[in-house]
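This report refers to the structure that appears directly beneath it.
Bear in mind that the values in this text are calculations on the coordinates, not laboratory data. None of the values given here were measured: they were computed from a predicted structure. FYI the Cβ positions are ideal-geometry reconstructions off the backbone, even for glycines, and counts take in every protein chain you see.
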Amino acid sequence: MRGALGGPRLLLRRLREVMAEPVSAQARLDKIVVLIANNMVAEVCSFYVLRADGTLELYATEGLNRDAVHLTTMRAGEGLVGLIAQQAQPLNLPNAQSHPSFSYKPETGEEIYQSFLGVPVLRGGNTLGVLVVQNRAHRLYSEEEVEALQTTAMVLAEMLASGELQTLARPGADIALRRPVTLSGQPLADGVGLGYVVLHEPRVVVSNLIADDPVREGGRLDAAIAELRSSIDDMIERGDVAHGGEHREVLETYRMFAHDQGWLRRLREAITSGLTAEAAVERVQSDTRARMMRQTDPYLRERLHDLDDLANRLLHRLVGRDMVGSQSVLPDNAIIVARAMGPAALLDYDRSRLRGLVLEEGGPTSHVAIVARALGIPAVGNVENVTGLAESGDAIIVDGGTAHVHLRPQPDVEAAFREKARLRARRQEQYRKLRDRPARTRDGVPVSLNLNAGLLVDLPHLDETGAHGIGLFRTELQFMIAERMPSAGEQLELYRSVLAAVGDRPVTFRTLDIGGDKVLPYMRQVEEENPALGWRAIRIGLDRPGLLRAQVRALLKAAGGRDIRIMFPMVATVDEFVRAKAIVARERGHLARHGYEPPSALKLGVMVEVPSLLFQLDELCAEADFLSVGSNDLMQFLFAVDRENPQVANRFDALNPVCLRALRSIVAAADRAGIPVTLCGELGGRPIDAMALLAIGFRSLSMSPASIGPVKAMLLSLDLAALADYVLPLVSAHDGLPSIRPKLAAFADEHGIPV
């Protein structure tokens, strides 16, 4: 390194000695900048810390005016220091004052210095500060000097992370690292949770940054990389990709990155500069993360996640630790924070200690969101960079209703949410008091309120809510949380357990609704341009009848001697339903021949979610024993809107008269045929939407457990005849009204109906 006295490894060893000295935080910082200046033969070394208000404050300097410490500040983007903080990239200039971003601070006395080298102080890709060296002579610093300063900046990042420098912050000028942050995402499950962060894949805390033997550290790195490559190869070759929840293409991406020579070269250069193997991985990944977080290309952002995962796997190899934290030591009031997560992983956690879930990825219809709602825990998804900002043990608040996450909240914010949680608990208690009251409107119309379920953990909610039965049991959830295809025996055991738990209450089993966004990791994925309209649900069952026959046989065996209802999803034509009925008849005959007790009553139905059925309703009702309406997909297909696409998901309202006319036609057809119809989508679980459904003729709704209380409270206050007289003309009118929601809200307010 040009002009250096001993090079970066000597500097790191001396820094380690200073870090161990029993001195104040300011004294330690002052010694550090002197050490750096001396080692790099620089006339100036300055350290700036990013504050919570977004400004950079001079915390220590050697060479500039010491009186400017804690007085000189600049905004992110202001001056050369602000530019480095904003871009998270080093800046190396032989003539700093000629740069267009140069900003003169007279109190520092830096006008005599020409050359300038500044590097961001990074942790997890987030900028915590800026470290600068300067000289009077015009010179360009060497690559080795840039590398040395970046390595040194990592030591300062860990000093910031330790909290030692918090004592130097003036009132109102808190350090950014521990600042309160409010993040927004997408609502996955309603509710409010207060607790402490538990990282699902906890980061390895690298406490030993400075290496005593770089050659040994290089050997440790090479061995860990070889193990990592081998483990990825084994998983791909075995096809055993379900255990970690990864799909084959993800593992292929990991394998590509694990062999990337540029990545490996940067790791080895970091070790050569004096870092341990663990610190080298963290340093390189933090630099990479800082660059890629500032990219707008979604493909590059996705690759950032892959690199994060790979670096995390490599760190765990180096320290010999499992990737996922131990659920046995889950603290009270735990809120799980993860980049992505499978439903089985969430079920592994102790439910009694779980208070919430926050994900960087995962929308409302994701598998893990369905499980979160089943567990009754508030959850928010698509929260950008939350795993980079959160530290294990941080206080955190999850508001599933507003999709806000408050990380390290201020005391007044925490107090407000505690009160909100208390109010919510009181409201839930009021709903519980309604449990045993018949679900009947004020003018005497009975309404059947049922649960949507899919796991055994859902079943206790039947008694808790007083629900009439299970209007939709999603059988695919058993397949989604399993590491392999559930056997016929395992399916039979689940269905028997469900029927035993519900007693004499009705339950409707939906056959496998897989494909589309519900990809089973142990099944080969079919690449499709538009999976939602592709090979899924009954289409797979009819094309692969062995799968459907095995499930139907298990259902019929489980129901021996009692009533059962089986419903088929994604039916587009009456012929498809007729073919599905033929499979059931064949299995029924098979069981009879082998002496199995048949169900006492068997009803077969259809999930109406494909718009083509709207034009075959009378023919369909002639074949079906009942109808279920899947409003989520029906609305998606009716308006040609991908409900997972935030740009268009809210473009149309389900209370648009066009939508309500379609739903009313289903009710009318079922009434003509004298068969029951139940709406099973999220629409039925929102009180104001449920009002519209009741007004157009629905008398059976199925919803999440948390929705039963609010919907029952609404209908107990409702004069249905008056509502129908008000709503039906609005639905029939051809005035181009985009939604009747505002008018319904006004009606509810006028008549004192809680919505």
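Relative to the longest principal axis of the Cα atoms of the chain, the long axis of helix 488-502 lies at roughly 70 degrees. Angle check, please: helix 705-716 long axis (alpha carbons) against the longest principal axis of the chain (alpha carbons), in degrees 0 to 90, nearest 10. That helix lies at roughly 50 degrees to the long axis.
Taking trypsin sites (Lys or Arg not before Pro) across region 82-142, the ones in a DSSP loop with at most 12 further Cβ atoms lying within 10 angstrom of their Cβ are 136. Lysine pairs in the chain whose alpha-carbon atoms fall under 23 angstrom of each other, counting only those eight or more residues apart or on distinct chains, come to 7. Taking the inverse of the mean 1/r over every pair of distinct Cα atoms in region 135-175 gives a Kirkwood hydrodynamic radius of 12.6 Å.
Rounded if a/c is under 1.5, else prolate if a/b is larger than b/c, else oblate: which is region 439-750, with a ≥ b ≥ c the root eigenvalues of its Cα gyration tensor? Taking the square roots of the gyration eigenvalues as a ≥ b ≥ c, region 439-750 is prolate. In the chain, helical runs assigned H by DSSP with n ≥ 4 each contribute -39500 (n - 2.57); averaged across all residues and rounded to the nearest 500, the mean residue ellipticity at 222 nm is -13500 deg cm²/dmol.
Classification of region 7-177 by its C-alpha gyration tensor yields a rounded form. The axis ratio a/c (a ≥ b ≥ c) stays under 1.5. Principal axis extents of the Cα atoms in the chain, from largest to smallest and rounded to whole angstrom, are 93, 60, 43. For residue 608, the residues 5 or more places off, or on other chains, whose built amide H falls under 5 Å of its own are 628, 629, 630.
Using only the Cα atoms of region 336-397, what semi-axes does the equivalent ellipsoid have when each is the square root of 5 times a gyration tensor eigenvalue? Give whole Å, largest first. Don't skip to the answer; put the middle values down first.
On the way: eigenvalues 59, 41, 18 Å².
Over the Cα atoms of region 336-397, the semi-axes work out to 17, 14, 10 Å.
If I take every Cα pair under 8 Å that is 6 or more residues apart in region 439-750, average their sequence separation and divide by the length, what percent do I get for the relative contact order? It comes to 19 percent, rounded to a whole number.
The charge dipole of region 439-750, taken about its Cα centre with unit charges on the Cβ of Lys, Arg, Asp and Glu (plus for the first two, minus for the last two), comes to roughly 800 debye.
Taking all C-alpha pairs of region 655-720, those more than 16 Å from each other amount to 43 percent. Dipole orientation for region 676-755: of the candidates 684, 733, 753, 684 has the Cα lying most toward the positive pole (charges on Cβ; Lys, Arg +1; Asp, Glu -1).
Rounded to the nearest 10 degrees, the angle from helix 574-593 to the longest Cα principal axis of the chain is 80 degrees.
May I ask for log10 I(q)/I(0) of region 472-586 at q = 0.10, 0.15, 0.20 Å⁻¹, from a Debye sum over the Cα atoms as equal point scatterers with solvent left out? Here log10 of I(q) over I(0) equals -0.29, -0.66, -1.15. Temperature 4 °C, viscosity 1.567 mPa s: under these conditions the Stokes-Einstein estimate for region 14-77, based on its Kirkwood radius over C-alpha pairs, is 104 µm² per second. Ranked by the mean number of other Cβ atoms within 10 Å of their residues, highest first, the peptides 221-231, 310-320 come out as 310-320, 221-231.
Between rounded, prolate and oblate, where does region 39-112 land on the alpha carbon gyration tensor, with a ≥ b ≥ c its root eigenvalues, rounded for a/c under 1.5, else prolate if a/b exceeds b/c? Since a/c stays below 1.5, the shape of region 39-112 is classed as rounded. Note: relative contact order over the chain, using C-alpha pairs below 8 Å and six or more positions apart, is 10 percent.
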